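The values are calculated or read from the model by the stated rules, or taken from the named source; none is laboratory data. Since the structure is predicted, the reported quantities are computational estimates derived from the model, not experimental observations. Cβ placement follows ideal geometry from the backbone for every residue including glycine, while neighbour counts extend to all protein chains displayed.
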Amino acid sequence: MAEQWFGEKKIITLALAKRLTATAESEIGRRGWSMFVTIADDSGTPVLVTSVNRPQLASFEVSVAKARAAVNFRRPTKAWEDRVLAGFPNAMSIPGVLAAEGGVPLAVDGQIVGAIGVSGGTSAEDGVIAAAVIETLKEFV
């Protein structure tokens, strides 16, 4: 029997990113919000970015940064928001931290395969859309 040197790595494909953003687009449209949504791979590199209802342009960079922070720190960006709001503003001095809800790691079988970043609404609204996408991911796992 041959020795196995490499395991199977799960990845975010463009096809999956399209399915996930379709959920986000539908939910954003239904609510009448304006947002950018980024689906990133496990390095934080965007696989797909979409905009719905002409959001402010600054939200593009924020959605990418939220996805990247969620991958890099392996936790939702809301965890940093909660920490800052709890009286620990020094968390903001950590490079790459984004203390606003809307960035969530995407995990398959306990392995982080990427992240979603949503920006354009309030932190809570961004979180609602991210949560809807996480529920959609569960359908494919």
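Any idea which of (1) exposed (fewer than 13 other Cβ atoms within 10 Å of the Cβ); (2) under 15 Å from VAL104 (Cβ atoms) is the one SER43 doesn't satisfy?
(2)
Among the numbered conditions (1) under 22 Å from THR13 (Cβ atoms); (2) among the charged types (D, E, K, R); (3) not in a helix (DSSP H, G or I), tell me where LYS138 comes up short.
Result: LYS138 fails condition (3) only.
Can you name every residue in region 89-110 that is of a type in the set (Asp, Glu) and in contact with an Asp or Glu (Cβ under 9 Å, 6 or more places away or on another chain)?
If the condition is that a residue be of a type in the set (Asp, Glu) and in contact with an Asp or Glu (Cβ under 9 Å, 6 or more places away or on another chain), then GLU101 is the only one that fits.
Among the listed residues VAL113, VAL64, identify the single one that is touching an Asp or Glu at 6+ places or on another chain (Cβ under 6 Å) and either more than 17 Å from ILE39 (Cα to Cα) or β-branched (Val, Ile, Thr) (or both).
VAL113
Could you say which residue among ARG54, ARG75, ARG83, ARG68 is modelled with pLDDT of 95 or more and at positive phi?
Just a single option satisfies the conditions, and that option is ARG54.
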